[in-house]
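One structure is given below, encoded as structure tokens.
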Amino acid sequence: MNKQDIRKSHLEQRNALDPNNISRAGANMKKYLVESPLYQNARTVMLYEDFRKEAPTEDMIVDVLFSGRSLVLPLTDRAFQIHAYQINKSGCGDTLCITDILSKLRLSSMGILEPDPDKCQLADLSSIDLVVVPGLAFDQKGNRIGYGKGCYDGFLPKLPPNTPKIGMAYDFQIVEELPATEGDIPMNYLLTESGLKPVIR
């Protein structure tokens with residue numbers, strides 16, 4: 001299949017996911033991430049706000065802030081360029097943390113929660129120790145298919161070359177091989193409900 005057919009097929013499968021299955025998968029993904037040496041050794045972690053049944057990140061976001069790490073989230077502008085913003089914890093307790101985080105975000109024209117530039121500062125890209133990337137499909141070599149706008153392919157080369165890149169998705173989104181072109185940025189690891197594993201080079 002070509003990239004467009006793969007996008008269509010995986011979107012249909014993702015849209016059909018049951019909320020309970022999403023919740024269970026998210027809990028497993030969070031466990032595998034936070035227990036990994038990649039996360040344990042990271043001080044600044046870049047995640048994303050999940051959208052339309054993407055692999056969920058809310059619990060990961062809370063853990064980053066409660067653990068004393070720095071949280072970075074992406075804002076995508078109208079030219080589909082990603083800008084990374086730091087989200088600071090402001091003394092929130094257990095029950096108020098999500099509210100505190102949401103107070104620093106806004107809803108984009110696409111309906112995606114993203115940092116509010118009036119309430120957040122641009123992140124120092126050189127400080128990002130770990131980045132978790134969404135996608136519609138990944139293969140065993142770390143190749144990725146997103147929504148077709150090239151947002152992450154344009155952004156990821158701006159990070160330090162040794163910053164680990166984790167592609168996060170459900171098990172069914174991991175396939176044997178994807179079509180890859182020059183300019184596609186591969187992941188170093190894949191995170192699903194079954195575990196966190198390095199890609200095969």
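The values are calculated or read from the model by the stated rules, or taken from the named source; none is laboratory data. Predicted model, so just to flag it, every value in this text is computed and none were measured. Heads up, the Cβs are rebuilt from the backbone with ideal geometry, glycines too, and the neighbour counts pull from every protein chain shown. Note: areas computed on protein heavy atoms with side chains; ligands, DNA, RNA excluded. Shrake-Rupley method; radii C 1.70, N 1.55, O 1.52, S 1.80 Å.
Need a quick list: helices (runs of 4 or more DSSP H) entirely within the range 1-48 having at least 2 residues that are touching a His at 6+ places or on another chain (Cβ under 6 Å) and within 30 Å of L65 (Cα to Cα).
Working: elements: 3-15, 19-34, 37-40.
Where helices (runs of 4 or more DSSP H) fall fully within the range 1-48, none carries at least 2 residues being touching a His at 6+ places or on another chain (Cβ under 6 Å) and within 30 Å of L65 (Cα to Cα).
For the range 39-63, enumerate the residues that are polar (S, T, N, Q) and within 18 Å of M110 (Cβ to Cβ). Working first, answer last.
As a first pass, look at the range 39-63 and keep what is polar (S, T, N, Q): 40-41, 44, 57.
Passing the criteria: only T57.
Can you find even one residue in the range 119-129 that is surrounded by fewer than 18 Cβ atoms within 10 Å (Cβ to Cβ), modelled with pLDDT under 90 and of a type in the set (A, V, I, L, M)?
Applying the first criterion (surrounded by fewer than 18 Cβ atoms within 10 Å (Cβ to Cβ)) to the range 119-129 yields 119, 121-122, 124-127.
Then keep just the ones that are modelled with pLDDT under 90; that gives none.
So far as the range 119-129 goes, no, none of its residues is surrounded by fewer than 18 Cβ atoms within 10 Å (Cβ to Cβ), modelled with pLDDT under 90 and of a type in the set (A, V, I, L, M).
Pick from K3, K53, K31: which is touching a helix residue (DSSP H, G or I) at 6+ places or on another chain (Cβ under 7 Å) and open to solvent by 40 Å² or more (accessible area, probe 1.4 Å)? Walk me through how you get there before you give the answer.
Values: K3 fails: touching a helix residue (DSSP H, G or I) at 6+ places or on another chain (Cβ under 7 Å); K31 fails: touching a helix residue (DSSP H, G or I) at 6+ places or on another chain (Cβ under 7 Å).
Unique residue meeting the criteria: K53.
Looking only at the range 150-201, how many residues end up being at pLDDT below 95, loosely packed, with under 13 Cβ neighbours inside 10 Å and of a type in the set (D, E, K, R)?
4
Answer yes if at least one residue in the range 162-170 is small (G, A, S) and in contact (Cβ under 8 Å) with a residue 24 or more places away in the chain, and no otherwise. Outline the logic, then answer.
Just the residues of the range 162-170 that are small (G, A, S), to begin with: 167, 169.
Of the ones still in play, those that are also in contact (Cβ under 8 Å) with a residue 24 or more places away in the chain are 167, 169.
Yes, there is a match, as at least one residue in the range 162-170 is small (G, A, S) and in contact (Cβ under 8 Å) with a residue 24 or more places away in the chain.
Return the residues of the range 16-69 that are of a type in the set (G, A, S) and within 13 Å of the chain's Cα centre (by Cα); say none if nothing qualifies.
Restricting attention to the range 16-69, the residues satisfying the condition of being of a type in the set (G, A, S) are 16, 23, 25-27, 36, 42, 55, 67-68.
Matches in the range 16-69: G26, A55.
Let me spell it out: the conditions are (1) of a type outside the set (V, I, T); (2) over 16 Å from L73 (Cβ atoms); (3) in contact (Cβ under 8 Å) with a residue 40 or more places away in the chain; (4) assigned to a loop (DSSP other than H, G, I, E, B), and E54 meets all of them except one. Which number is the exception?
(2)
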